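A quick write-up on the structure given underneath.
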Amino acid sequence: MSELERIRVLIVDDQELMRSALRMMVESQPDLILAGEAADGHEAVAMVRSHRIDVALMDIRMPKLDGIQATATITAEQPSCRVIVLTTFDLDDYAFSAIRAGASGFLLKDARSEEIVDAVRTVHAGHGVIAPSTTRRLIEHVAELPNADSGRAAEVRATLTPRELDTFLEIATGDTNREIAMRLHLSEATIKTHVGHVLTKLCLRDRVQAVVLAYESGLVGPSHR
């Protein structure tokens, strides 16, 4: 496998011990390459601006510029760069803000190396990743937000076909394509196609942002879970 085919990973964390652990993880994988390291958000943004980065593993609490602000800048300037937020606590208050800033997902720092590596590959392929233990809590958090955007809801309805809208509402449950396919009595391949159309038409990075949009627009509510 040539270097051009490998996923270029940036490690962003103010703790040298954590960077070292992630470095060893990345360098142990034949399809990953360590593209750089950063100790704060400013360094991360600078690295993404000057190097081709496919996936950034982003800490949240850092000096100078935190992970949320860095994520917002990176995803706005370099949409092709995916960000995975690594948090210390399952209920980290900043994690949801990072998702809204453009992160493709978040995992706990104590996740197994295999989980983090799989997450890198998953977001690079254009999908979202959320730690299983926090998926439902993310949905609950979004569902409790006030002031649904009725204008955005109308836009979503006008943009999607009836079947795509059904799929969009099912995505909001946080369930897998297989589970959605069973409920809608369709093949998993068909659901995968619908999901792709939904994300493309609504200009969403991944399923994580679809969940956020579904609740923020008011198209679904707490009883939808």
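The values are calculated or read from the model by the stated rules, or taken from the named source; none is laboratory data. The shown structure was predicted, so the numbers you read here are calculated from the model rather than taken from an experiment. Here the Cβ positions follow ideal geometry from the backbone for every residue, glycine too, while neighbour counts run over all protein chains shown. Quick note on the areas: whole protein, heavy atoms, side chains included, nothing else; ligands and nucleic acids left out. Shrake-Rupley method; radii C 1.70, N 1.55, O 1.52, S 1.80 Å.
Six or more apart or on different chains, Cβ atoms under 8 Å: show the pairs whose first residue is in segment 10-24 and of a type in the set (Val, Ile, Thr) and at pLDDT 95 or above and whose second is outside any loop (DSSP other than H, G, I, E, B) and open to solvent by 30 Å² or more (accessible area, probe 1.4 Å). Once the first residue is of a type in the set (Val, Ile, Thr) and at pLDDT 95 or above and sits in segment 10-24, its partners that are outside any loop (DSSP other than H, G, I, E, B) and open to solvent by 30 Å² or more (accessible area, probe 1.4 Å) give ILE11/ARG19; ILE11/ARG23; ILE11/LEU34; ILE11/GLU37; VAL12/GLU37; VAL12/GLU43. Which helices (runs of 4 or more DSSP H) does segment 130-211 wholly contain that include 3 or more residues that are at pLDDT 80 or above and farther than 22 Å from ILE84 by Cα? Once the helices (runs of 4 or more DSSP H) in segment 130-211 are filtered for at least 3 residues that are at pLDDT 80 or above and farther than 22 Å from ILE84 by Cα, what remains is 150-159, 162-171, 177-184, 188-201. Within this structure, GLU115 passes the test of being surrounded by fewer than 18 Cβ atoms within 10 Å (Cβ to Cβ) and at pLDDT 85 or above.
Test GLY218 against the stated conditions and say whether it is among the small types (Gly, Ala, Ser), more than 18 Å from GLY128 (Cα to Cα) and at pLDDT below 85. Considered against the rule, which asks whether it is among the small types (Gly, Ala, Ser), more than 18 Å from GLY128 (Cα to Cα) and at pLDDT below 85, GLY218 comes out as yes. Here ARG49 meets the list (1) at pLDDT below 95; (2) open to solvent by 40 Å² or more (accessible area, probe 1.4 Å) almost entirely, failing just condition (1). At least 3 residues being of a type outside the set (Phe, Trp, Tyr) and over 23 Å from VAL208 (Cα atoms) is the threshold, and among the strands (runs of 3 or more DSSP E) wholly inside segment 8-121 those reaching it are 32-38. Which one of these does LEU86 not meet: (1) in contact with a Lys or Arg (Cβ under 7 Å, 6 or more places away or on another chain); (2) at pLDDT 80 or above; (3) closer than 29 Å to THR193 by Cβ? In the conditions (1) in contact with a Lys or Arg (Cβ under 7 Å, 6 or more places away or on another chain); (2) at pLDDT 80 or above; (3) closer than 29 Å to THR193 by Cβ, LEU86 misses (3) alone.
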